[in-house]
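Q: One structure, as structure tokens, below. Some questions next.
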Amino acid sequence: MKTFTKNILSSLFVVAFIVTLFGGSQAQSKKTKPPRWNWKNHQTETINFAKKYLVSNIEPDLPPQSFADWFQETVGKEAKIDWDINDCGEQTGTSEDRGRDFSMCVKASAAIGSDVSASVNVQFGTFKRGIMKDKPVVRFISISREDDFGIQPEKMSDLSKRLGELLSK
């Protein structure tokens, strides 16, 4: 009887091993690959978030309107605005950059007339962690004219005044 039980257990072990071997390989072949990260979708999502963000939550002296509406109003209705995301100027191009989680800024740039441009670069998160719910940080504001080095207002609320000064020259 012991031999019979041993033979049955051995046979069951072999059957279980074969089922596991073939069943496992079939299960692996049915797995789907995880979706690839889509840069275009990420960029669109981040820019749309920034456009809708209230500038009064970035700088209390500003009105409670979206970043997109405020910037368009500030640079003028005729100004063409370009939106993009960038690393807030942090990359150095050295090996120290490898693996870093760079800040993620949304930059609004406007061409005003033929020779004046204005831009605001605001950090809304990091590239690895994505959009963060912390208060965004203004990283850079710039107004420039082709024949001039430009002006760098300290606050977003100064942009309209400084732009007016440059355009009246």
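Read-outs: derived from the displayed coordinates by stated rules, not from any lab. Owing to the predicted nature of the structure, the values given are computational and were not obtained by experimental measurement. Ideal geometry is used to build each Cβ from the backbone, glycine not excepted, and the neighbour counts take in all protein chains shown.
Q: I'd like the distance between the alpha-carbon centres of the range 76-92 and the range 96-144, rounded to an integer number of Å.
A: 6 Å
Q: Show me the ranking of peptides 117-127, 59-69 by mean Cβ neighbours inside 10 Å, starting with the highest.
A: 117-127, 59-69
Q: Another question, if that's okay. Too long at a 22 Å Cα-Cα cut-off: which of Lys51/Lys169; Lys133/Lys161; Lys52/Lys135; Lys80/Lys128; Lys40/Lys77?
A: Those over the limit are Lys51/Lys169; Lys133/Lys161; Lys80/Lys128; Lys40/Lys77.
Q: Another one. Within the range 129-161, name every residue whose backbone N is under 17 Å away from a label modeled 7 Å from Cα of Asp115 along the Cβ vector.
A: 143-151
Q: Give a quick list of trypsin sites (Lys or Arg not before Pro) in the range 76-116 that DSSP marks as loop, anything other than H, G, I, E or B, with at most 16 other Cβ atoms within 10 Å.
A: Lys77, Arg98, Arg100
Q: With a sphere of radius 10 Å drawn around the Cβ of Cys105, what net charge do the other residues whose Cβ falls strictly inside it have (Lys, Arg +1; Asp, Glu -1)?
A: Overall, the nearby charge balance is -1.
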